[in-house]
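Let me begin by presenting the structure, written as structure tokens, before commenting on it.
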Amino acid sequence: MTLPKVVRGRAWKFGANIDTDQIIPAKYAIYSLDEKELGKHAMEGVPGREGWAAQVSPGDILVAASNFGCGSSREIAPVAIRGAGISLVIADSYARIFFRNAINMGYPILQSPQGAEAIDEGDELEVDLEQGVIRNFTKGDEYRSEAFPKFMNELLHMGGLVPWVRKRLEERRVAAGR
Amino acid sequence: MGMTMTEKILARASGRDSVRPGDLILAKVDFAMGHDLTIPPAGKIMREQMGAEKIWDPDRVAVTQDHFQPAKDAASATLGRLTREFSHQMGVKWYFEVGQGGICHTVLPENGLVLPGELVVGADSHSCTYGALNNFATGIGSTDLACVMALGELWFRVPETLKFVYHNRLQEWVEAKNLILHVIGKIGVDGARSKAMEHVGEALKTIDMEARLTITNMAIEAGAKNGILEFDDVTREYLEARAKRPYTPVSSDPDAEYEKVFEFDAAAVELGVAKPMSPDNYAPLSEVVGTRLDQVFIGSCTNSRITDLRRAAAVLEGHKVAPGVRLIITPSSHQVAIQAEKEGLIGIFLAAGAAWTTATCGACLGGHMGVLGEGEVCLSTTNRNFPGRMGHPKAMVYLSNPAVAAASAVTGVITHPGEVLKKMPAGIA
């Protein structure tokens with residue numbers, strides 16, 4: 001699955017240091033292999049956001065302040081957000097394992113301090129993933145996002161680590177003459 | 001230009017003469033770990049999506065049944081079964097069954113599986129713990145682990161290194177846990193985001209390996225990629241009867257470059273706790289003394305090794321848990337439990353009225369055996385107190401060292417251990 005070129009959706013706004021236990025409380029880790037079920041409980045641990053996932057329309061965009069996804073290494077954090085129907089995450093910054101997991105899954109995330117600051121909940125956004133430009137139709141603004149290193153960008157655009165590993169395993173098989 | 005310990009390990013593992021912060025590298029992994037929550041998705045991704053039939057080196061993989069095991073419900077039993085089946089089918093050499101292993105971050109060091117100079121990854125954020133043994137160790141996700149198991153290699157961004165120098169010695173009652181909570185309190189939960197934390201200095205020379213593991217364990221609570229310590233006699237002695245492979249220690253070059261150097265006076269670190277709802281909310285004990293508690297939990301990969309239990313037992317001996325409070329003690333490994341039994345610690349805990357459990361992550365992540373309800377207050381020797389970590393989002397968790405936890409269980413309110421025990425016996429402190 002490769003990345004879409006343009007994503008449109010409504011913004012949901014979250015604060016700083018939202019950790020993985022808030023993104024998907026550990027008790028739901030029993031659904032580790034069920035993205036839909038995880039999606040129903042996404043962001044449930046954020047105080048005041050109980051029942052949030054049911055309000056998300058497919059394609060909506062999650063916007064957060066700094067250090068989004070800190071805490072545990074659970075990959076079910078970005079999986080749950082994707083499962084809830086969120087098409088893209090924009091944050092001021094990410095905790096490293098959440099960041100890695102999203103890139104490895106080929107799940108689009110953008111780092112945009114400017115966007116994270118300016119966007120309000122409910123704003124209508126259009127994001128050009130190739131250019132990394134965020135357009136805010138509600139406010140008539142436009143924000144840049146920070147470019148990722150080349151290798152990470154390649155991984156993201158080829159659909160994540162799975163196709164990359166498949167290719168590498170194939171190269172090894174060929175080299176081994178099988 | 002010289003390199004830090006972290007840079008040297010990453011350079012060696014990626015087959016380069018040198019690396020610089022910001023470099024993206026493909027590196028060979030020396031050891032990998034997964035557990036009952038991360039092996040099922042990693043195994044599925046590896047076999048069904050990546051198309052790998054076997055793991056690259058079954059001798060270099062460990063799997064523990066620790067997070068929701070012994071199974072807390074039918075769904076966790078399924079995760080346990082998938083973990084067990086995968087490990088068996090792949091011939092994982094270091095598979096630890098329920099009742100024979102315990103929490104991954106205690107089990108791997110005590111079995112000599114993570115060694116100086118190595119590049120270690122674990123599908124659990126607290127995998128940074130192993131860095132106390134002079135290696136590069138970091139937490140990864142399930143797709144990452146699938147990649148490592150399929151290929152034996154993984155991509156990394158070489159981190160900038162932050163150096164933390166600790167002068168003097170910790171004061172009486174002040175433990176490694178307090179030192180690292182103090183540091184996180186100063187730099188914040190994103191103060192070392194994606195960076196390496198190199199810990200050095202006189203204060204570390206005088207503490208044992210278990211205390212050092214507590215320090216590196218919490219690197220992730222400052223957002224760090226890894227935490228790493230220098231190799232010394234304490235490291236050598238700890239590994240003497242344990243190391244399963246030959247190893248080569250690393251040291252930072254005198255002209256290595258650091259993004260920033262932080263100096264701390266260990267003697268000035270106060271005894272305290274991290275208040276709700278963040279590990280960087282460190283406060284001196286005097287600020288919270290008397291806070292009423294519903295539960296005290298001594299457990300986790302942070303503070304439930306044998307030395308932690310000895311300190312808790314020294315405080316609890318001859319005392320009872322206060323009415324209205326429950327004390328739950330969860331050893332971090334089966335070996336720790338065996339040792340606690342030999343030393344008579346379990347008898348002290350049971351006589352005090354504590355609930356003694358099998359080795360598991362348990363209550364730390366709100367899994368089972370001590371999940372908190374709405375509005376409950378808990379003092380815990382664990383590593384995280386973000387909202388909902390140990391159960392209900394409105395439960396309040398204070399992070400402390402084991403002696404403070406034990407003393408507070410006796411009185412039912414947050415208490416200085418000196419109120420219950422005059423002095424920590426020599427050899428335990």
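The values are calculated or read from the model by the stated rules, or taken from the named source; none is laboratory data. Here the structure is a predicted model, which means the values were calculated and not measured. Here Cβ is always computed from backbone atoms with ideal geometry, including for glycine, and neighbour counts include all displayed protein chains.
Structure data summary
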{"quantity": "Candidates A:SER93, A:SER112 - the one that is at the interface with chain B (Cβ under 10 Å from one of its Cβ atoms), under 15 Å from the mean Cα position of the chain (by Cα) and over 21 Å from B:SER142 (Cα atoms)", "calculated": "A:SER93"}
{"quantity": "Number of positions in the range B:195-246 that are more than 14 Å from chain A (Cβ to nearest Cβ) and assigned to a helix (DSSP H, G or I)", "calculated": "20"}
{"quantity": "Candidates B:MET369, B:MET396 - the one that is touching a Cys at 6+ places or on another chain (Cβ under 8 Å), hydrophobic (A, V, I, L, M, F, W, C) and surrounded by fewer than 24 Cβ atoms within 10 Å (Cβ to Cβ)", "calculated": "B:MET396"}
{"quantity": "Selection from the range A:70-129 of residues that are touching a strand residue (DSSP E or B) at 6+ places or on another chain (Cβ under 8 Å) and β-branched (Val, Ile, Thr)", "calculated": "A:ILE81, A:ILE86, A:VAL89, A:ILE90, A:ILE97, A:ILE103, A:ILE109, A:ILE119, A:VAL127"}
{"quantity": "A:VAL165 vs. criteria surrounded by 15 or more Cβ atoms within 10 Å (Cβ to Cβ), in a helix (DSSP H, G or I), modelled with pLDDT of 95 or more and not small (Gly, Ala, Ser)", "calculated": "yes"}
{"quantity": "Every residue from the range B:75-90 that is more than 13 Å from A:ALA29 (Cα to Cα) and not aromatic (Phe, Trp, Tyr)", "calculated": "B:ARG81, B:LEU82, B:THR83, B:ARG84, B:GLU85, B:SER87, B:HIS88, B:GLN89, B:MET90"}
{"quantity": "Selection within the range A:32-63 - of a type outside the set (A, V, I, L, M, F, W, C), within 14 Å of chain B (Cβ to nearest Cβ) and touching a residue at least 40 places away in the same chain (Cβ under 8 Å)", "calculated": "A:SER32, A:GLU35, A:GLU37"}
{"quantity": "Of all residues in the range A:11-28 being in contact with an Asp or Glu (Cβ under 9 Å, 6 or more places away or on another chain) and facing chain B (nearest Cβ under 9 Å), the one that is surrounded by the most Cβ atoms within 10 Å (Cβ to Cβ)", "calculated": "A:GLN22"}
{"quantity": "Positions within the range A:87-101 being touching a Pro at 6+ places or on another chain (Cβ under 9 Å) and in contact (Cβ under 8 Å) with a residue 40 or more places away in the chain, in sequence order", "calculated": "A:SER87, A:LEU88, A:ASP92, A:PHE98"}
{"quantity": "All positions within the range B:48-105 that are aromatic (Phe, Trp, Tyr) and surrounded by 22 or more Cβ atoms within 10 Å (Cβ to Cβ)", "calculated": "B:PHE68, B:PHE86, B:PHE96"}
{"quantity": "Strands (runs of 3 or more DSSP E) wholly inside the range B:123-191 containing at least 1 residues that are away from every other protein chain (no Cβ under 12 Å) and touching a His at 6+ places or on another chain (Cβ under 9 Å)", "calculated": "B:161-167"}
